[in-house]
1. For the chain, modelled as a Gaussian network with Cα springs under 10 Å, which listed residue fluctuates most, S113, S54, S208?
2. Given the options H61, H40, H158, state which has the largest fluctuation in a GNM of the chain using a 10 Å cut-off (strictly under) for Cα springs.
3. With all protein chains present, calculate the accessible area of M83 using a 1.4 Å probe and round the result to the nearest 10 Å².
4. For the ranges 144-152, 132-140, what's the packing order if you count other beta-carbon atoms within 10 Å of each residue, average per peptide, and put the highest first?
5. What angle, in degrees between 0 and 90 and rounded to the nearest 10, separates the Cα long axis of helix 98-115 from the longest principal axis of the Cα atoms of the chain?
6. Of the GluC sites (Glu not before Pro) in segment 1-70, which ones lie in a loop per DSSP and count no more than 11 other C-beta atoms within 10 Å?
7. Per 5 Å bin from zero, what fraction in whole % of the C-alpha pairs of segment 65-172 is there, up to the bin with the longest pair?
8. Mind telling me which of G85, G212, G73 comes out most flexible in a GNM of the chain, alpha-carbon contacts under 10 Å?
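The values are calculated or read from the model by the stated rules, or taken from the named source; none is laboratory data. Bear in mind that the values here come from a model prediction, so they are computed numbers and not experimental data. Quick reminder, even Gly has a Cβ in these numbers, built from the backbone with ideal geometry, and neighbours come from all protein chains shown. Ligands, DNA and RNA are excluded from the accessible area calculation, which covers all protein heavy atoms including side chains. Shrake-Rupley method; radii C 1.70, N 1.55, O 1.52, S 1.80 Å.
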Amino acid sequence: MDPETDLDHADRAIRATATAAWQTAGRQYTLAAYGTLAGHEGFRREAFDAERPSAGRAVCHLVRAGLCYRLAGVEDAARNRAMQGALVAVDQKRVRDGVDAAACDELLGHCRSLAGDDERATEAYDRAAEGYAAAAVDDPAGATTRPLLQAGTDLVTHLSRPDDVGWDDIHGTGSDALARRIRFVRSRVRELLAARVEEGMLYAPRGSTEYGVGRFTCPDCGSHDVNYVAETVLCLRCNSVTEETGER
(Lines give C-alpha, C1' and ligand atoms only; values in the text may rest on other atoms or scores of the structure.)
Protein backbone atom coordinates (compact mmCIF):
# COMPACT_ATOMS: atom_id res chain seq x y z
CA MET A 1 0.00 0.00 0.00
CA ASP A 2 1.28 3.45 -0.89
CA PRO A 3 1.58 5.48 2.35
CA GLU A 4 1.08 8.70 0.39
CA THR A 5 -2.40 7.88 -0.88
CA ASP A 6 -4.00 9.53 2.16
CA LEU A 7 -2.05 12.77 1.69
CA ASP A 8 -3.35 15.83 -0.08
CA HIS A 9 -1.62 16.54 -3.36
CA ALA A 10 0.16 19.55 -1.83
CA ASP A 11 1.77 17.27 0.76
CA ARG A 12 2.79 14.84 -1.97
CA ALA A 13 4.38 17.75 -3.82
CA ILE A 14 6.32 18.76 -0.71
CA ARG A 15 7.63 15.22 -0.34
CA ALA A 16 8.68 15.23 -3.99
CA THR A 17 10.75 18.38 -3.44
CA ALA A 18 12.74 16.50 -0.78
CA THR A 19 14.13 14.22 -3.50
CA ALA A 20 14.31 16.93 -6.20
CA ALA A 21 11.63 15.11 -8.22
CA TRP A 22 10.59 18.38 -9.81
CA GLN A 23 8.22 17.11 -12.49
CA THR A 24 6.40 15.04 -9.89
CA ALA A 25 6.21 18.06 -7.59
CA GLY A 26 4.90 20.20 -10.44
CA ARG A 27 2.22 17.67 -11.27
CA GLN A 28 1.18 17.28 -7.65
CA TYR A 29 1.00 21.04 -7.06
CA THR A 30 -1.13 21.34 -10.20
CA LEU A 31 -3.54 18.72 -8.89
CA ALA A 32 -3.49 20.46 -5.51
CA ALA A 33 -4.63 23.67 -7.23
CA TYR A 34 -7.48 21.91 -9.01
CA GLY A 35 -8.60 20.11 -5.85
CA THR A 36 -8.40 23.30 -3.83
CA LEU A 37 -10.54 25.22 -6.32
CA ALA A 38 -13.21 22.53 -6.04
CA GLY A 39 -13.09 22.55 -2.25
CA HIS A 40 -11.71 19.01 -1.95
CA GLU A 41 -8.30 19.89 -0.48
CA GLY A 42 -6.71 22.42 1.82
CA PHE A 43 -9.32 24.20 3.90
CA ARG A 44 -12.14 22.49 1.95
CA ARG A 45 -13.73 25.73 0.75
CA GLU A 46 -14.47 26.16 -2.93
CA ALA A 47 -13.19 28.98 -5.10
CA PHE A 48 -16.35 31.08 -5.03
CA ASP A 49 -17.02 30.88 -1.30
CA ALA A 50 -18.15 34.37 -0.33
CA GLU A 51 -16.20 34.70 2.93
CA ARG A 52 -13.22 32.33 2.79
CA PRO A 53 -12.47 31.50 -0.85
CA SER A 54 -9.83 28.94 -1.74
CA ALA A 55 -8.83 30.63 -4.98
CA GLY A 56 -5.77 32.43 -3.62
CA ARG A 57 -4.31 29.20 -2.33
CA ALA A 58 -4.99 27.54 -5.69
CA VAL A 59 -3.31 30.35 -7.65
CA CYS A 60 -0.27 30.07 -5.40
CA HIS A 61 -0.16 26.29 -5.91
CA LEU A 62 -0.05 26.95 -9.65
CA VAL A 63 2.88 29.33 -9.12
CA ARG A 64 4.62 26.61 -7.11
CA ALA A 65 3.84 24.09 -9.85
CA GLY A 66 5.24 26.39 -12.51
CA LEU A 67 8.43 26.94 -10.54
CA CYS A 68 8.86 23.18 -10.08
CA TYR A 69 8.46 22.62 -13.81
CA ARG A 70 11.04 25.34 -14.45
CA LEU A 71 13.43 23.56 -12.10
CA ALA A 72 12.78 20.40 -14.13
CA GLY A 73 13.58 22.27 -17.33
CA VAL A 74 10.04 21.95 -18.71
CA GLU A 75 9.54 25.56 -19.65
CA ASP A 76 6.30 25.16 -21.59
CA ALA A 77 4.62 23.63 -18.55
CA ALA A 78 6.01 26.39 -16.33
CA ARG A 79 4.48 29.09 -18.53
CA ASN A 80 1.24 27.15 -18.82
CA ARG A 81 0.84 27.06 -15.03
CA ALA A 82 1.57 30.79 -14.84
CA MET A 83 -1.15 31.41 -17.42
CA GLN A 84 -3.61 29.19 -15.57
CA GLY A 85 -2.97 31.04 -12.34
CA ALA A 86 -3.41 34.37 -14.09
CA LEU A 87 -6.78 33.29 -15.49
CA VAL A 88 -8.01 32.27 -12.04
CA ALA A 89 -6.81 35.55 -10.49
CA VAL A 90 -8.54 37.63 -13.18
CA ASP A 91 -11.75 35.63 -12.86
CA GLN A 92 -11.72 36.03 -9.09
CA LYS A 93 -11.33 39.79 -9.35
CA ARG A 94 -14.57 39.78 -11.35
CA VAL A 95 -16.50 38.54 -8.28
CA ARG A 96 -14.55 40.38 -5.53
CA ASP A 97 -14.41 43.95 -4.34
CA GLY A 98 -12.34 46.17 -2.07
CA VAL A 99 -9.25 44.60 -0.54
CA ASP A 100 -10.05 41.19 -2.01
CA ALA A 101 -10.20 42.58 -5.55
CA ALA A 102 -6.83 44.25 -5.01
CA ALA A 103 -5.44 40.95 -3.67
CA CYS A 104 -6.41 39.34 -6.98
CA ASP A 105 -4.20 41.85 -8.79
CA GLU A 106 -1.38 41.04 -6.37
CA LEU A 107 -1.78 37.33 -7.15
CA LEU A 108 -1.85 38.15 -10.85
CA GLY A 109 1.47 39.94 -10.37
CA HIS A 110 2.97 36.75 -8.95
CA CYS A 111 1.79 34.79 -11.99
CA ARG A 112 3.20 37.39 -14.40
CA SER A 113 6.46 37.31 -12.44
CA LEU A 114 6.67 33.54 -12.84
CA ALA A 115 6.04 33.93 -16.57
CA GLY A 116 8.90 36.43 -16.80
CA ASP A 117 6.55 39.17 -17.99
CA ASP A 118 8.04 41.87 -15.80
CA GLU A 119 6.20 44.82 -17.31
CA ARG A 120 2.77 43.28 -16.88
CA ALA A 121 3.74 42.03 -13.41
CA THR A 122 4.58 45.59 -12.36
CA GLU A 123 1.29 46.82 -13.82
CA ALA A 124 -0.62 44.22 -11.80
CA TYR A 125 1.21 45.12 -8.59
CA ASP A 126 0.55 48.81 -9.24
CA ARG A 127 -3.17 48.11 -9.65
CA ALA A 128 -3.07 46.17 -6.38
CA ALA A 129 -1.44 49.14 -4.64
CA GLU A 130 -4.13 51.46 -5.99
CA GLY A 131 -6.84 49.02 -4.96
CA TYR A 132 -5.52 48.65 -1.42
CA ALA A 133 -5.34 52.43 -1.05
CA ALA A 134 -8.85 52.93 -2.45
CA ALA A 135 -10.30 50.28 -0.12
CA ALA A 136 -9.44 52.52 2.86
CA VAL A 137 -10.04 49.73 5.38
CA ASP A 138 -10.12 50.53 9.09
CA ASP A 139 -7.60 47.81 9.98
CA PRO A 140 -5.04 47.37 7.16
CA ALA A 141 -2.90 44.96 9.18
CA GLY A 142 -5.92 42.81 9.95
CA ALA A 143 -6.86 42.80 6.26
CA THR A 144 -3.59 41.02 5.43
CA THR A 145 -4.98 37.89 7.10
CA ARG A 146 -7.92 37.62 4.71
CA PRO A 147 -7.70 34.32 2.76
CA LEU A 148 -6.73 35.79 -0.61
CA LEU A 149 -3.95 37.82 1.00
CA GLN A 150 -2.83 35.09 3.40
CA ALA A 151 -2.31 32.77 0.44
CA GLY A 152 0.13 35.30 -1.02
CA THR A 153 1.92 35.64 2.29
CA ASP A 154 2.36 31.88 2.49
CA LEU A 155 3.75 31.81 -1.05
CA VAL A 156 6.30 34.54 -0.39
CA THR A 157 7.55 32.91 2.80
CA HIS A 158 7.72 29.58 0.94
CA LEU A 159 9.85 31.07 -1.82
CA SER A 160 12.27 32.51 0.71
CA ARG A 161 14.83 30.64 2.78
CA PRO A 162 13.98 30.18 6.47
CA ASP A 163 15.56 33.40 7.71
CA ASP A 164 15.20 35.64 4.63
CA VAL A 165 11.71 37.07 5.11
CA GLY A 166 10.14 38.09 8.39
CA TRP A 167 6.48 38.37 9.33
CA ASP A 168 6.70 42.16 9.49
CA ASP A 169 8.18 42.34 6.00
CA ILE A 170 4.91 41.15 4.49
CA HIS A 171 2.27 42.00 7.07
CA GLY A 172 3.55 45.20 8.56
CA THR A 173 1.68 47.02 11.28
CA GLY A 174 -0.50 50.08 11.53
CA SER A 175 -2.10 52.15 8.82
CA ASP A 176 0.54 51.47 6.15
CA ALA A 177 0.44 47.66 6.38
CA LEU A 178 -1.12 47.10 2.95
CA ALA A 179 1.04 49.73 1.26
CA ARG A 180 4.16 48.23 2.79
CA ARG A 181 3.07 44.74 1.77
CA ILE A 182 2.65 45.57 -1.90
CA ARG A 183 5.92 47.50 -2.01
CA PHE A 184 7.67 44.47 -0.59
CA VAL A 185 6.21 41.87 -2.96
CA ARG A 186 6.63 44.15 -5.98
CA SER A 187 10.35 44.43 -5.24
CA ARG A 188 11.07 40.91 -4.00
CA VAL A 189 8.91 38.20 -5.62
CA ARG A 190 10.80 38.18 -8.92
CA GLU A 191 14.07 38.14 -6.99
CA LEU A 192 12.91 35.19 -4.86
CA LEU A 193 11.75 33.21 -7.90
CA ALA A 194 15.08 33.85 -9.61
CA ALA A 195 16.97 32.77 -6.49
CA ARG A 196 15.16 29.45 -6.40
CA VAL A 197 15.93 28.83 -10.07
CA GLU A 198 19.58 29.82 -9.65
CA GLU A 199 19.93 27.51 -6.66
CA GLY A 200 17.94 24.77 -8.39
CA MET A 201 15.85 24.24 -5.28
CA LEU A 202 12.39 24.92 -3.87
CA TYR A 203 12.47 24.15 -0.16
CA ALA A 204 9.48 22.81 1.72
CA PRO A 205 7.26 25.39 3.39
CA ARG A 206 7.64 25.64 7.13
CA GLY A 207 5.45 23.37 9.17
CA SER A 208 6.44 22.97 12.79
CA THR A 209 10.16 23.57 13.27
CA GLU A 210 12.65 22.59 15.94
CA TYR A 211 16.32 23.47 16.33
CA GLY A 212 19.22 21.41 17.65
CA VAL A 213 17.24 18.17 17.94
CA GLY A 214 19.88 15.59 18.77
CA ARG A 215 17.81 12.58 17.83
CA PHE A 216 17.61 13.83 14.21
CA THR A 217 20.69 14.20 12.03
CA CYS A 218 20.42 15.19 8.39
CA PRO A 219 22.19 12.53 6.28
CA ASP A 220 23.30 15.16 3.76
CA CYS A 221 24.42 18.23 5.73
CA GLY A 222 24.52 16.98 9.34
CA SER A 223 22.10 19.60 10.66
CA HIS A 224 19.93 18.93 13.71
CA ASP A 225 17.35 21.56 12.69
CA VAL A 226 14.15 19.94 11.47
CA ASN A 227 10.92 20.81 9.71
CA TYR A 228 7.88 18.67 10.53
CA VAL A 229 5.77 19.01 7.40
CA ALA A 230 3.66 16.84 5.06
CA GLU A 231 3.62 14.13 7.74
CA THR A 232 7.35 13.63 7.46
CA VAL A 233 10.55 15.16 8.86
CA LEU A 234 12.77 17.23 6.59
CA CYS A 235 16.02 19.03 7.26
CA LEU A 236 15.28 22.71 7.76
CA ARG A 237 18.59 23.63 6.17
CA CYS A 238 18.81 21.49 3.01
CA ASN A 239 15.33 19.91 2.74
CA SER A 240 16.52 16.29 2.81
CA VAL A 241 14.46 13.58 4.48
CA THR A 242 15.83 13.20 8.01
CA GLU A 243 15.60 9.96 9.94
CA GLU A 244 15.47 9.64 13.71
CA THR A 245 18.74 8.18 15.00
CA GLY A 246 17.60 7.43 18.54
CA GLU A 247 20.40 9.53 20.03
CA ARG A 248 19.58 12.46 22.28
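1. S208
2. Among H61, H40, H158, the largest GNM mean-square fluctuation belongs to H40.
3. Looks like 110 Å² after rounding.
4. 144-152, 132-140
5. Helix 98-115 and the main axis of the chain meet at about 60 degrees.
6. Filter output for segment 1-70: E51.
7. 2, 13, 20, 24, 20, 13, 6, 2, 0, 0
8. Highest fluctuation of the listed residues: G212.
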